[in-house]
Every structure is written in structure tokens, then in C-alpha cells.
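Quick note: the coordinates plus some simple rules give every number you see, no bench work behind them. Nothing here was measured: the structure is a model prediction, and the numbers come from that model. So basically every Cβ, Gly included, is an ideal-geometry build from the backbone, and we count neighbours across all protein chains shown.
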Amino acid sequence: MLFLTIWSIHRPSKSTQIRGFCWSNNTEIVFVTDQAVEFYQISPEKKSLKCLKTFSLSINWFVWLPVNCVLLVSSGIVGNTLNPFQFKPSTVNRLPKFEVDLPAVPKPAKQTLLQRDVTMACLYGIVYIIVLRHQPRGGSAGAEIVLYQLQKESPAKKTNILRLDMSGRFAVNTVDNLIIVHHQASRTSMIFDINLPGESDNYIMCHHPVLSPLPIKPFRLFLPPAPSLPVGTEKTEYTFELYSDNWIVFQPDIIIDAKLGSLWTVQLCLEPLVEMIPNKLKLIEFLVLRKDSKLVLLSVCRQMLIPGHQATLVTIAQIYDMLNDVYKNYQEAETQYLVHSVDISSRPDPYQRSNKVILDQSDMYTHVFSVFENAKNISHKFMVAVLIEYIRSLNEHQINVQHYLYELVINILVNHNCFYQLHQFLQYHVLTDSKPLACLMLSLESVYTPAHQLALDMMKRLSTANEEIIEVLLSKQQLLPALRFIRSIAIIDTVSARKFLEAALNCDDQMLFYTVFKFFEQRNIRLRGSPKFPSGEHCEHYVHHFESLFGTEALGDVQSS
């Protein structure tokens, strides 16, 4: 009923040909005739239309991109002048027109660029006009696809060319930022990714398919038996004809068989591609750009560490740099988003903000480096080299390394008695100083004696672990080094005398207890002019113990009197 009301109000002239219409939203509609683009606002309550804008121009055909509300209309005798319009609620912007290159202009001139050879797609957040050229310029063999990037202030720019190296009938879908080109004669499809490297002349990037042309996976349907057949008759298996003459392709990912009345969506299966792309660097580069590839990515990274599938350290290092470059960019974008966003709960997922899959340290530790656990067939030298490469990459990208990665390196070295290498890693700061790492080193003293001193040295370098150093020294009954340490960092006046006296008492060494007691008596004299301990320090028990060992006359106040 709404459709009839619209046309009764529109009243096109008898000479006007209606090319079609597009809904820009629920209450706004665009009519395309052979003479104009007309933009209307619908008032359902009043059952009326309001014309918001009209653009008069001669139109051959049009293409509509719903996800971005972009309309592309063809004009001119040969049809290669394309006029883009972008629609937003209650507004429309006419973008600069541009001309599509043609291999040759026919004489006499006639429409050469047809609607079936032009489509639009949003790839990596950018709108492209996709033009199929059956006869490429320059004498190239086979057809090619030319991509024009839509611009706001200037005519669309030719940016990419896809080499098909085939001739015949083609159809185009877009799936997960990939261009899928179906070729009917060979019954195969080609996958193109414009974000992967190609051949460039500094102006246009030329691409070949990511893989050799492959057929779509066959689709089978089990039909119920006809009512006339006996009960218990098995279902009939029906195999659909692929690349049929009856196929009609709609953007972005729809295929309709007009004869059968069936509709499919094209989807990408990532798992089989792992074996089809032997170059691991190229494979990772491709998978990082796919929306649902995280588990496959982790599987590939894990597989690269298993004997029989191991990649070289050079390749592994390049892959870790690639992953951490994405990781770092995400971290920076996340920081900016949190700084400028009011509603943090509504922020999009990482892939939506970066168009790349993020593998963080937790992912790598849990799903990739876990292969090193109980890995008797993997060389410990290889394990350590891989982890050090990952840590190097994190450091180069200025990403803070989580302590569990250092712990994994240390455990592997300790389990294989590689203490000299561990010592070197710590001494030359391959493993960055941290409190958790220092505590781990302390726990290794029983198997590697120098670990204790290495831990203390690390804590001193941190300069934020003074309390931890004191606790370690006291726990090891190294009271004199502990006293020298608090003097070196000038915290004598603030440390707890009771903690030191208790440790001295537990050492069961009278002279050591005497030394510690006298050390804090001297502190009391310097701070308060008296050797007595303030009642708030609760040192009465230690004073009585001192008296029982050395007599009352040994106390500072008695001596001073």
C-alpha cells in the first residue's frame, strides 16, 4: 500500500523511465529514473512524501551499496562517467564524478560500460568501485578487475588491479574484506586480498590470487521422500550444480539460483588454507586480516614449533614482529579510545578497531608456548631461542613483557642445567629486572647457589624493592649485610628495630645479637638523645634478653651514667 501511495504522489512524466529505488533507512527512499536522482522522506502517519533533494542528470543504470548508503549512477554515451552519492539521515552528498578507463571507445559511440560489470564494496572500511574489464589495456592476457577508491573531496582514485588471467563470464562477491571472483567456464573461484603486498608502479598495486583458482565446496541437500513412496523410504540426496547459468550474485556474499529458487551465502573456510599456503609468513599475514582466524592463527604459530613442521628462527622472528606490530598498534589505539571515550562499556571489539586479529602475550603463552611443556622431542636450545626471539620482539615494540614468559625461559634453563646461560641472560639484561623475577631467582638458590646474589643485585637495581631485599637478607640470617644495606640507602631512621632484633634473637648468636642491639641503641641516641627504645616499638622483650645475656650495666643508659 505504501508503494502505491508513493507513486501516486510522485507522478513521473510519461517519458520518464524508472530505473529503480533504494531505501537509505526506514523512512527515507531514493528513486532513480533515467533523468534524475530523487531523495524523499516518508511520513507514515501522514502517508505522504517530502522531497528532500533532486539531482537532474541523464542516467543509464545505477548500483547501490546498502551498508554505506552509497549510490553510483552511470551517465554519458558510453556509460563510463560515474556519479557517486552518499546518503545520511535527511542529507545527501554528491561526490565528485569520475571516468572509468575503457580499453577502446567504439565507433560509433555506444554504451560500453554495463551495470553487470560494476559493483561496489566496503573493504577494510573503505568504499571501492569494482569494475570488470574483459579486455584489459596494454594487451594483457585475460580479464582484470580495476578498483577505484571513493574520495570525498576529489574524484575516485584508481588504486588496485586484480589479474584474473582468464576470459569469460565472471561474478564478484566480497567476504571478510576479500574479493571473491567466480569464473563460470572453469567452475572455480579466485580469492584476492588488496591489503597483501603486490606489484606496484608507485601509483597502482597489481594483485594475483592468494591461491590458485579453487571450486566452491559442493553443497548437498537431502530431500524427504515423495508422499506416494512407501514409509521408511530413505531421503533423496540432491547435489546442486555449481557455477550454474542460473546463478545471480548479489553483494556482498549472496548467490541465488533463480531456477531452483535457492539462496546461499558465501563463506570462507580458513583451516584448509593452512596447507595450501606453504609460506608461513604469507599465511600469517593473510590470517591476521581475517575476522574469525584467531584459533587458526594460534594453531599455525604452535605448529611452527613442532618437529617436522618447525620454521626457521628467522621466519619465526619475522612472524613475531608482525604479530607484535599489530599488538602494539592495538594497545595505542586502546589507550586513545579510553582517553577520549565517555562510555567505555560500548567500545567495539579489537578486530573492529584495527581490522586485524590481536594475539597478546597471554594467548601466546597459553596456546603456543604451552607446547614446550613435557616436549621431550623439542630441543631445549630451540625452545629458549624461540622465547628469547618473542621477548626481543616485545621489547623492540615497547611492550612490557609479562613475568610468566621469563619464568618459562628460566624453568627450561634450570631443567636442563643451563646455569651459565641463565647467569649470562641476567647479567646482560636479556631478562628484564622485575620483582617477580627476583623472587623466582631466590627460589632457585637450592639448585644454583649464585641465584641468591643475582636476585639481590636485581632488587638493588630496581630501587623499588628495598623491603623485599631486607626481608630476604633477614630470612637468610644475614643481619650484618642487612644493616649495611639500610645504611647505604639511608633508611636507618625508618626501619623497624623490632624486626632486626627478632631476627638476631633467632640466630642464636650472642655477639650478633649484641651488635644489632647496640646498632639501634646508637640510632636512638642520635634521634632522641637517649638509648632507650620508645614504648611504641615494643622492644621490651629484647631489652630483657640483652640484660640476661650481658647484664644491666651493658645497657646504654647505664653506661652513659
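Summary of values
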{"item": "Table column - 3J(HN,Hα) (Hz), segment 460-468, Karplus curve with 6.51, -1.76, 1.60, x for Gly and Pro", "result": "5, 5, 5, 6, 10, 10, 4, 4, 5"}
{"item": "The chain: angle of helix 380-396 to the longest principal axis, Cα-based, in degrees nearest 10", "result": "80"}
{"item": "Cβ-based exposure ranking for Ser548, Ser530, in which fewest neighbours within 10 Å come first", "result": "Ser548, Ser530"}
{"item": "Average projected area [Cα convex hull, segment 422-561], square nanometres", "result": "9.3"}
{"item": "Segment 147-229: chymotrypsin sites (Phe, Trp or Tyr not before Pro) in DSSP loop, at most 13 other beta carbons within 10 Å", "result": "Tyr203, Phe219"}
{"item": "Hydrodynamic radius (Kirkwood) for segment 83-157, which is based on Cα pairs only, to one decimal in Å", "result": "14.1"}
{"item": "Neighbour-limited loop hits for chymotrypsin sites (Phe, Trp or Tyr not before Pro), segment 95-145 (at most 14 other Cβ within 10 Å; DSSP other than H, G, I, E, B)", "result": "Tyr124"}
{"item": "The chain: relative contact order as a whole-number percent, Cα under 8 Å and 6+ apart", "result": "5"}
{"item": "Cα convex hull of segment 239-346, projected area averaged across orientations, nm²", "result": "11.2"}
{"item": "Bins of 5 Å from zero: percent of alpha-carbon pairs in segment 47-116", "result": "3, 14, 24, 21, 16, 10, 6, 4, 1, 1"}
{"item": "Crossing angle, helix 510-528 versus the chain [Cα axis fit, 0-90 degrees, rounded to tens]", "result": "80"}
{"item": "Lys/Arg +1, Asp/Glu -1 at C-beta; the chain dipole; positive extreme among Ile180, Thr494, Ala451", "result": "Ile180"}
{"item": "With Cα atoms, 0 to 90° folded angle of helix 313-340 axis to the chain main axis", "result": "90"}
{"item": "³J(HN,Hα) computed for each position of segment 544-549 - Karplus, 6.51 cos²θ - 1.76 cosθ + 1.60, integer Hz, glycine/proline x", "result": "5, 5, 4, 4, 5, 8"}
{"item": "Table column - 3J(HN,Hα) (Hz), segment 203-217, Karplus curve with 6.51, -1.76, 1.60, x for Gly and Pro", "result": "10, 10, 9, 9, 10, 10, x, 4, 10, 4, x, 10, x, 5, 4"}
{"item": "Cα-based convex hull, the chain, per residue volume (Å³, whole number)", "result": "318"}
{"item": "Cα point-scatterer Debye curve for segment 242-285, base-10 log of I(q)/I(0) at q = 0.17, 0.24, 0.27 Å⁻¹", "result": "-0.62, -0.78, -0.88"}
{"item": "Cross-link pairs beyond the 22 Å C-alpha cut-off, checked among Lys97/Lys158; Lys53/Lys152; Lys460/Lys499; Lys435/Lys518; Lys53/Lys157; Lys88/Lys152", "result": "Lys435/Lys518; Lys53/Lys157"}
{"item": "Solvent-free Debye scattering, log10 I(q)/I(0), computed from the Cα coordinates of segment 9-127 at q = 0.13, 0.19, 0.22 Å⁻¹", "result": "-0.54, -1.06, -1.32"}
